[in-house]
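Written below as structure tokens is the structure these notes are about.
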Amino acid sequence: MQRDFEKDKKNMVVVEGSYAVASAVKSCRPNVISAYPITPQTHIVEDLSQFMADGAIPNCEYINVESEFSALSALVGSSAAGARSYSATTSQGLELMHEVLFNVSGMRLPVVMTVVNRAVSAPINIWNDHQDSISQRDTGWIQLYAEDTQEISDMTAQAFKIAEDPEILLPVMTCMDGFILSHVYEPVVLLEDDIVAEYLPPFEPEFKLDPKNPKTFGAFADPNSYTEFRYLQQQAMDKALKKIEDAAAEFYDLFGRHYGGLIDTYETDDADIILMAMGSIVGTIKDAIDKLRAKGVKVGLLKVRSFRPFPVEAIRNVVKDAKVVVALDKNISIGLNEGALFTETKASLYNTKIDVPVIGFMIGHGGRDIPTGTIENIIDEAKKVIDSGITVESQFTDLKEELL
Amino acid sequence: MTIPLGGVCAPGSTLVNKTGGWRTFKPVFDYDKCIKCKLCELLCPDMSVDPRDDGFFEFNYDFCKGCGICANECPKDAIEMVLEEK
Amino acid sequence: MKEIRIHGRGGQGSVTAAELLAVAAFADGKFSQAFPAFGVERRGAPVQAFTRISEDPIRLRAQVYEPDYVIVQDPTLLEVVSIASGAKDDGLILINSDFDPEHFDLDTNAKIMTVNATKIALDIIGRPIVNTVLLGAFAGASGLIDPASIKEAVMERFPGKVGEKNAEAIQKAYDMMMEA
Amino acid sequence: MKSLLAPGHRGCAGCCDAMAAKFTLMAAGEDCIVVSPTGCLEVMTTPYPESSWGVPFIHSLFENNAAVASGIEAALKSKGEMGNTKIIAMGGDGATLDIGMRSVSGAFERGHDFTFVCIDNEAYMNTGVQRSAATPFAASTTTSPSGKVSFGNIRPKKNMPAIIAAHGSPYVATTSIGYPKDMIRKVKTAVDVEGPTYVHAHSPCTTGWGFDTSKTVEVAKMAVETCLWPLYEMEDGEITKVKKIKNPKPVEDYLKMQRRFKHLFTKEGGDEFIKQIQALADENIVKFGLQ
């Protein structure tokens, strides 16, 4: 299921990544949009506001809230009232939503939110890394990461389909790299309303806030049932593993584009070295792989598309025969000196018969650019592990020693 | 009973929770004094004063917690709080 | 793949120029990508924007370090920015200036060309807006792109009189470079 | 009339919240949706799998009920399902004046068609009677206790009705659970007025204020009769109706009913504070034209 760029080309337009996302949201027919502007998410909400001003999103209310906290809180109300609900944010805004994130997922409200990934303060920094969304990994949201603007655009429709599935009913974050994808102009096929209508059925929840059938939402659960609430959320995440694959496959059937479901692979079949990464860095890695493959280096890429649910089985299947796995993380758990993808990949392989060394590189913090050469250097380090074992398990990349 | 997604609850379902056992004193009507003013019904925080067909009221002791607001506010002193016999 | 780096000052439309270039290249049947060197720069501060143009889909997301082409919107930038940095030996640096290329003593093997885009802009558009004019000159100097595609992209972005004036200036700059 | 709030809730005997909720539902009727923040009312009425509510009800968080209400209004509007449905956000003084202030302000500024009912029992009761911005001057709470060098809370109540009126709310009213008919009429007016409307209900808490469970209404009335809690209505920012108090009672009559003011009567220097509280009541008489 590879993408056929030449076939898509006749339908492509060169637009900004943010516009592609806004256009995709429009095609998904949301009823309520509630968002607070924050760099680098602003262009998405500006474009959506313009769509609203032009009457281009029928049956939709756009709420200009006073904070991110209220942005997501409003969607608690709207989603519970049966409205397809959307927001977008990043960084500080996402962190401000933290408490509401748990609330949305616990109430099983299928909100979809684009997270335009950005570093978190302090020091304040508007550029890209993944610390914001990774820090929300335990909030019960499905988290999908996109490689390019076409994928984040298409992922929007997939996200609503996954979230609103009666078996799932979990909120979804679709994550795109701030500036790198949000502000790039590149050719993209904007989602077509008629095909989206075929792909994405209307949102019709079993329960909603309705005076004709007055249910209570948000009851408190004591120790007698709280555990089971948590279990049911985890069970929904387990079911989402398949649903994410299905949503990608169905999308391919209708739109002809596929980016993997939970994961995607590039040149991994015979690879000794497998790089793992999420987001826009994947494109740069593919270029580096082509370059090194030409020189006979057996290197491949495992792109993690779904970070929550974490695709443990899928990862095991891809890396089991590799000689070394390298996880690249645009985040760090300070105090552990590891990025989340690295930690969780290691954990996925422990207690199995798979015996492959895993090393981690934390990379691209706060928008530090990642040239192909940086990837090549990392692959050189991986080769050393094959030859002589691990010397450093996890480390910062391109650290400027002169500043320390 | 299995948990519906998100823990949605049915309306008015606290009826299973009989709070009458919380009482120390219980209100008792003196129908000779009662003028059917409905104040007790209006003020009861536990919705435990039920109208009767004859226009008088009766206490629902399944739920009455015995707060005594009805007795305290009754304009005709038609409600007496008596110690609950347990 | 060809990589272009545009130097300008905040407010001069460098980012818009990079985007229009990407739109025009795609219209020419190529794949393209345009993005700014994301910053918090305000009006007047030096900024950069990048465009990639390729026969194949573009996956690379790094900034441009070894440009095939450099476009300089404002020659005063030469005093504060190393505009020739990383320019390929067979590359081209196009500077908005009324000086001849020999005037510029840059540490590069890339070819230097100049065009007085400011004058063209003032003559035709009536305001010193050079970003679109430079794209016309770039089309002429590089042969990488069809000037008609650039005019089309500009007219789509700026419909009406403004777009028409810009298109005229683009053609003028293109013609001058072809004659040079 | 069968109450839309069912018995079996876990509120204290003599609970003011239950009364405020009951009166609100009597005013709004069946065709409404209620949003409640975290707090006594939510906890006592919705222990999973039970609910006392006979109307659609949602609890989300402590500080966001007004935002949740905005979302519900937007949802109903967008789907063409608004009809005559009333959206009511209830909140205690903490959820309204303190932690929820941002979302309350946002929702009123945006002009959503909803009614906010503040159930003001003048402290954080759900967590054990801690001070709030609505705690009155000289009241002792667990975080503003009277002590060797303290006479309790040193600040006067935040004037929330004025703040809401300043947002351009078309209808703002104060009421008291001691005056059920007044409260029902004002909530009914509020839900019928289009736009964001506000009813601030003074609600004495038997547990937090320290009085017998039978005295909830009596204490509430005394606050009004001493002019410490004036009842008035504002339309488009102007006071249009005031409940007159012909013969105001001394504030002492109100204060001595409650344990939270006990230190004013037992500690040396307490009388000075009672005088200051009397001055607040006297100010109200002038400011609101209560006589």
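The values are calculated or read from the model by the stated rules, or taken from the named source; none is laboratory data. The model shown is predicted, which means the values in this text are computed figures rather than measured ones. Cβ coordinates were reconstructed from backbone atoms using ideal geometry, including for glycine residues, and neighbour counts include every protein chain displayed. Accessible surface is based on the protein model in full, side chains and every heavy atom, while ligands, DNA and RNA are left aside. Shrake-Rupley method; radii C 1.70, N 1.55, O 1.52, S 1.80 Å.
Structure notes:
- Three-way shape label, the protein assembly as shown, alpha-carbon gyration tensor, a/c 1.5: prolate
- Karplus-derived 3J(HN,Hα), 6.51/-1.76/1.60, for each residue of the range A:390-404, Hz, glycine and proline x: 7, 9, 10, 6, 8, 8, 6, 9, 6, 5, 8, 4, 5, 8, 9
- Pair A:ASP246, A:GLN50: separation of 7 Å Cα→Cβ label points (nm): 3.8 nm
- FRET efficiency estimate (nearest 0.05) - Cβ-Cβ, C:ALA180 to A:GLN235, R0 56 angstrom: 0.20
- With Cα atoms, 0 to 90° folded angle of helix D:101-110 axis to chain D main axis: 50 degrees
- Solvent-accessible area buried by pairing A with D, both sides, nearest 100 square angstrom, 1.4 angstrom probe: 2900 Å²
- Modelled this way, with points 7 Å down the Cα-to-C-beta line, the labels at C:ASP107 and C:SER82 are 0.6 nm from one another.
- Distant alpha-carbon pairs in the range A:5-255 (separation over 35 angstrom), percent: 10 percent
- Degrees, to the nearest 10: A:281-294 long Cα axis against longest axis of chain A: 30 degrees
- Bridgeable lysines around C:LYS165 (alpha carbons under 30 Å apart, same-chain partners fewer than 8 residues away excluded): A:LYS10, C:LYS2, C:LYS30, C:LYS111, C:LYS119, C:LYS151.
- A full extension of the chain between A:VAL356 and A:ARG137 corresponds to an added length of 76.3 nm, given 0.36 nm per residue minus the alpha carbon distance.
- Taken across both chains, chains B and D shield about 2500 Å² of accessible surface from a 1.4 Å probe.
- At a threshold of 40 Å², the residues of the range D:183-228 that become less accessible to a 1.4 Å probe in the full protein assembly than in their chain on its own are D:SER214, D:VAL217.
- Long-range HN-HN contacts of A:THR265 with modeled amide H, under 5 Å: A:LYS303
- Where only C-alpha atoms are counted, convex hull volume of chain D per residue in Å³: 118 Å³
- Backbone N atoms of the range A:352-371 closer than 17 Å to the 7 Å Cα→Cβ label point of A:ASN337 belong to residues A:358-363.
- For the range C:64-79, Karplus couplings with θ = phi - 60° (6.51, -1.76, 1.60), whole Hz, Gly/Pro x: 8, 9, 10, x, 6, 9, 10, 10, 10, 7, 9, x, 5, 5, 4, 6
- Violating pairs (Cα-Cα greater than 21 angstrom) within the set D:LYS157/D:LYS215; A:LYS303/C:LYS88; D:LYS221/D:LYS256; A:LYS161/A:LYS215: D:LYS157/D:LYS215; A:LYS303/C:LYS88; A:LYS161/A:LYS215
- Shape of the range D:39-169, Cα gyration tensor, a/c cut at 1.5: oblate
- Under Karplus coefficients 6.51, -1.76 and 1.60, residue-wise ³J(HN,Hα) of the range D:166-176 in Hz, glycine/proline x: 5, 6, x, 5, x, 8, 10, 9, 9, 8, 8
- Contact surface A-C: accessible area buried, both sides summed, square angstrom, 1.4 angstrom probe: 2200 Å²
- Calculated FRET efficiency for the pair A:HIS98/C:ASP56, C-beta based, R₀ 56 Å, to 0.05: 0.85
- For A:SER306, the accessible area of its heavy atoms, probed at 1.4 Å with every protein chain present, is near 0 square angstrom.
- Set against the 2.2 N^0.38 Å expectation for a compact globular protein, the range A:263-403 has a Cα radius of gyration ratio of 0.96.
- In terms of overall dimensions, the C-alpha atoms belonging to the range D:2-109 reach 40, 31, 25 Å along their principal axes, ordered largest to smallest.
- Using a simple spin-label model with pseudo-atoms 7 Å out from Cα toward Cβ, D:ASP271 and D:GLU30 lie 6.0 nm apart.
- Virtual paramagnetic centre 7 Å along Cα→Cβ of D:LYS181, amide N under 16 Å, in the range D:202-235: D:221
- Calculated FRET value between D:SER150 and D:LYS287, using beta carbons and R₀ = 22 Å, to 0.05: 0.20
- Between B:ASN60 and B:VAL49, B:ASP50, the built amide H atoms are under 5 Å apart, and every one of these is 5 or more places off in sequence or on another chain.
- Close amide H partners of B:PHE25, meaning residues 5 or more places away or on another chain with modelled amide H under 5 Å apart, are B:GLU84.
- Proximal aspartates and glutamates relative to D:LYS241, as straight alpha-carbon distance under 15 Å, when same-chain residues fewer than 8 apart are discounted: D:ASP182, D:GLU233
- Summed over the residues of the protein assembly as shown and divided among them, the accessible surface reaches 39 Å² per residue at a probe radius of 1.4 Å.
- Between 0 and 90°, nearest 10: helix A:149-164 axis offset from chain A longest Cα axis: 50 degrees
- Shape call, the range A:139-228: gyration tensor on alpha carbons, a/c limit 1.5: oblate
- Surface listing: A:ILE334, D:ILE87 arranged by accessible area from highest to lowest gives A:ILE334, D:ILE87, probe 1.4 Å.
- Full extension of the chain between A:SER121 and A:ASN317 gives 66.8 nm of extra length, using 0.36 nm per residue less the Cα-Cα distance.
- Of the Cα atoms belonging to the range D:197-291, the radius of gyration and Dmax stand at 14.3, 46 Å.
- Helical content alone sets the calculated 222 nm signal of the protein assembly as shown at -10500 deg cm²/dmol, taking -39,500 (n - 2.57) per DSSP H segment of four or more residues and averaging over every residue.
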